[in-house]
Amino acid sequence: MDSTQPSKKSLFLTIITIIIFFGLTSYIVWGEYRIRLSSKKIQELKTLLENQNEAYGREVYNLKGITASSSESFNTLFSSLAKEKRTLEERVVTLDKLNKLDPEILKKYSKVYFLSENYTPTETEAIPSEYILNKNAEYVVHVDVVYFLEQMIDDAKKEGLNPLVVSAYRSFRIQAQLKSRNKVTYGANTANRFVAEQGYSEHQLGTTVDLTNPSVAGASLAFERAKEFVWLQNNAYKYGFILSYPKGNAYYAYEPWHWRFVGKALALHLHNDGISFYNLDQRFIDEFLLHMFDR
């Protein structure tokens, strides 16, 4: 038997083993390389995705900011337009009211301004008989004054009082006749102290009434002692009425029966400050014209 045969076989096995070892090693190394390469690509892809997500997040944030800004701008614009619309509507209402209001109705007519013989209130309404002393008489006032007059008298009656109307609107012609009669009865000098000339009477405006009670029964100084007069002094301003000729005024003799409607706002101002209508500047008085008939 040849002794070299085992040696060749052993050498062959060794070579095969070495080849297998290097093959496996190469395969492992190659595998690890592929894994590292794949890991690197995965990491790069991950980084790319993260960067894209970050960019996307920034875009979303920016878009939200733009949307919020646009929404805020829209809301601001809408609010401005709505406010402007309200302002325009208020101006239209104001202009409409001014167009309908009589510019003469708050003037100081007693020996100051003159009313034409053709002047009449824009519209009048009859005072219901329950508010009049003489049930057979017919008195009218400015149509927008009736509500306030009725409210005032109704509230006084709730307290057991009974103020009643004895005179209201008087035309230029009627005032002239009244003046003439009083000149004949009392003399010109005396009549001039308590009766206005035609064109200078507040009664021609249709916003003035003379008040009394059943006991006094007329336009008399005796009304000063009546409970109704005391109540009117303390409450008439709440309904827009003022005493035109209080004691010490420079226009006419004291007339506790003569009450003129000037609107709640102006009447309240006069009451709070304790001043007379005729002591105010006409330009200041005219500022109350727009809201004169506000309830």
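According to a simple spin-label model (label point 7 Å from Cα along Cα-to-Cβ), what is the distance in nm between residue 140 and residue 155?
2.8
Could you order peptides 258-266, 226-234 by the average number of other Cβ atoms within 10 Å of their residues, highest first?
Values: 258-266: 22.9, 226-234: 18.1.
The densest-packed peptide leads the list: 258-266, 226-234.
In whole angstrom, how far apart do the alpha carbon centroids of region 218-295 and region 129-160 sit?
Using only Cα atoms, the two centres lie 17 Å from each other.
May I ask you to derive the relative contact order of region 124-286, considering only C-alpha pairs under 8 Å and at least 6 residues apart, and to give it as an integer percent?
20
With a Förster radius of 35 Å, plug the Cβ-Cβ distance of residue 253 and residue 172 into 1/(1 + (r/R0)^6) and report the FRET value to the nearest 0.05. Spell out each step's value before the answer.
Numbers: r = 22 Å, r/R0 = 0.63.
About 0.95, to the nearest 0.05.
Given region 124-286, what count of lysine pairs have C-alpha atoms under 19 Å apart, with each pair 8 or more places apart or on different chains?
Total qualifying Lys-Lys pairs in region 124-286 comes to 8.
Would you mind checking the radius of gyration and Dmax of region 230-279 based on alpha-carbon positions, in Å?
Answer for region 230-279, Rg first and Dmax second: 9.9, 26 Å.
What aspartates and glutamates sit close enough to residue 41 to cross-link, taking a C-alpha to C-alpha distance under 17 Å and skipping anything fewer than 8 places away on the same chain?
Within the straight-line cut-off, residue 41 pairs with 32, 50.
Restricting the calculation to Cα positions, tell me the Rg (one decimal) and the Dmax (whole number) of region 124-286 in Å.
Taking only Cα atoms of region 124-286, I get Rg and Dmax of 15.1, 42 Å.
Read-outs: derived from the displayed coordinates by stated rules, not from any lab. Since the structure is predicted, the reported quantities are computational estimates derived from the model, not experimental observations. Here the Cβ is made from the backbone with ideal geometry for all residues, glycine too, and neighbour counts use every protein chain on show.
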